[in-house]
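J.: Here it is: the structure, laid out below.
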């Protein structure tokens, strides 16, 4: 009998080591977050055999949990469901950052029947652990209803905690990679995309528009007399002003549009699926916003800025990245070398 227990314990230890080895191997072999999280949750399912299991991520802005992965009975009903931090057992774990084992949910006041009503399952037991990085909760792993005999055990929590640590490493790695990618395509001063990324996006848009017979427009924006701002108020004010103007431009575009800082006091806007006449309305809106805005009023500087705008469209004005940028740039210089604070269309001259 004692020998059988030793063999069973040894087998269990081997299974745990194999489990951690497989997850660790996946973590080391890929930066694909979804693949890593899917592997972790599949291994949890194989080892602990829950009826339903899910990985919930924390939305820091709304302080809500949402179902990143949900497998099992009623899982499809949870795709768009969110719960507040503190709501239900998973919400309590997210709020307190501590694991929880509930053998009988009906006797636990933290249990919410909301999810049973949505999924039409009968929850009896739950084990839930936080995914933490530097004592900050990133999400939770929740297992519902043990398929074997009995229920989840206290011995399951260390295993889940270790797997949650792997999930935390994967999430942090993904965030670092995303941040590095953002830094390579983002302008430090304005937080808009940079000129390097403009070239990549333009090539992609030309390919897409050629294939699907779309039009798109490019706007060149050059701030008028911006050097005088730097000379009068200093480069710190000038840099902050560039950021403010970038916010105005970005804040009045559609989600599919792109805004770039091209260099110095020049900006470029790319409007996918937008012919020139429609783009002209966008340019006029940005121009009017700049004319109406007074910057640094709290500091009693009361700075006003205007800009010269050039507009070119694909395929009407040009069919290559180099040519469409040149046409928009040349149109902008028609304004800059004459009236300023106005708009010129490639091949057509100045428009009011």
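The values are calculated or read from the model by the stated rules, or taken from the named source; none is laboratory data. The structure displayed is predicted, hence computed values, not measured ones. Cβ coordinates were reconstructed from backbone atoms using ideal geometry, including for glycine residues, and neighbour counts include every protein chain displayed.
J.: Looking only at region 320-330, decide whether some residue is in the same structural domain as residue 202 (by TED's automatic domain parsing), at pLDDT 95 or above, over 32 Å from the mean Cα position of the chain (by Cα) and over 22 Å from residue 197 (Cβ atoms).
T.: yes
J.: Return the residue satisfying two criteria in turn: it lies in region 41-53 and is touching a strand residue (DSSP E or B) at 6+ places or on another chain (Cβ under 8 Å) and in a helix (DSSP H, G or I), and of such residues it is surrounded by the fewest Cβ atoms within 10 Å (Cβ to Cβ).
T.: Here the answer is 45.
J.: Taking the options 267, 314, 260, 296, name whichever one is within 33 Å of the chain's Cα centre (by Cα) and at positive phi.
T.: Just one listed residue meets the conditions, 296.
J.: If you don't mind, another one. For residue 147, only one of the following conditions fails: (1) touching a residue at least 60 places away in the same chain (Cβ under 8 Å); (2) loosely packed, with under 15 Cβ neighbours inside 10 Å; (3) within 27 Å of the chain's Cα centre (by Cα). What is its number?
T.: Residue 147 satisfies all of (1) touching a residue at least 60 places away in the same chain (Cβ under 8 Å); (2) loosely packed, with under 15 Cβ neighbours inside 10 Å; (3) within 27 Å of the chain's Cα centre (by Cα) except (3).
J.: Among the numbered criteria (1) more than 17 Å from residue 174 (Cα to Cα); (2) at pLDDT below 55, which one does residue 54 miss?
T.: (2)
J.: Right, something else. Suppose we keep only residues that are over 12 Å from residue 325 (Cα atoms) and touching a residue at least 24 places away in the same chain (Cβ under 8 Å) within region 195-205. Which one would you say is surrounded by the most Cβ atoms within 10 Å (Cβ to Cβ)?
T.: My answer is 205.
J.: Counting only residues that are under 23 Å from the mean Cα position of the chain (by Cα) and part of a strand (DSSP E or B), how many does region 79-111 have?
T.: 3
J.: Moving to a separate point now. Evaluate region 95-113: report whether one residue or more is in the same structural domain as residue 41 (by TED's automatic domain parsing), closer than 16 Å to residue 68 by Cα and in contact with a strand residue (DSSP E or B) (Cβ under 9 Å, 6 or more places away or on another chain).
T.: no
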